[in-house]
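Structure, as structure tokens:
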Amino acid sequence: MCIRDSTYTGTAADIDMPATTDAGKYSLAVTSGTSETFTVTATAISNQVADENCRKFTLDQAGRKRSEDSAGDPSTGCWPK
């Protein structure tokens, strides 16, 4: 997502965001909910899927962090303090 005229537009490729983390443990995606919102999602791949508590991480434009377990339920202890 890139900021144009105080709104979020475009795609992850616009900001040169890779498709996976450097270690290859999470796939990365950016979605835009509206012209003023976005969510970055990291989803476990490869052998990282064995971590059933911290399967998915999200971060939005307001800095809200969330994590989900393998069932898609909210999880705790995933984001560093």
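Some observations on this one:
- Selection over region 61-81 of residues that are small (Gly, Ala, Ser) and not in a loop (DSSP other than H, G, I, E, B) gives a count of 1.
- Restricting Ala23, Ala12 to residues that are at pLDDT below 75, closer than 18 Å to Phe57 by Cβ and of a type in the set (Gly, Ala, Ser) narrows the list to Ala12.
- Positions within region 53-81 being among the hydroxyl-bearing types (Ser, Thr, Tyr) and open to solvent by less than 70 Å² (accessible area, probe 1.4 Å), in sequence order: Thr58, Ser67, Ser70, Ser75
- Qualifying residue in region 29-52 (condition: modelled with pLDDT under 95, surrounded by 13 or more Cβ atoms within 10 Å (Cβ to Cβ) and part of a loop (DSSP other than H, G, I, E, B)): yes
The values are calculated or read from the model by the stated rules, or taken from the named source; none is laboratory data. Owing to the predicted nature of the structure, the values given are computational and were not obtained by experimental measurement. Cβ atoms come from the backbone with ideal geometry, glycine included; neighbour counts cover every protein chain shown. These accessible areas exclude ligands, DNA and RNA; they are computed on the full protein's heavy atoms, side chains included. Shrake-Rupley method; radii C 1.70, N 1.55, O 1.52, S 1.80 Å.
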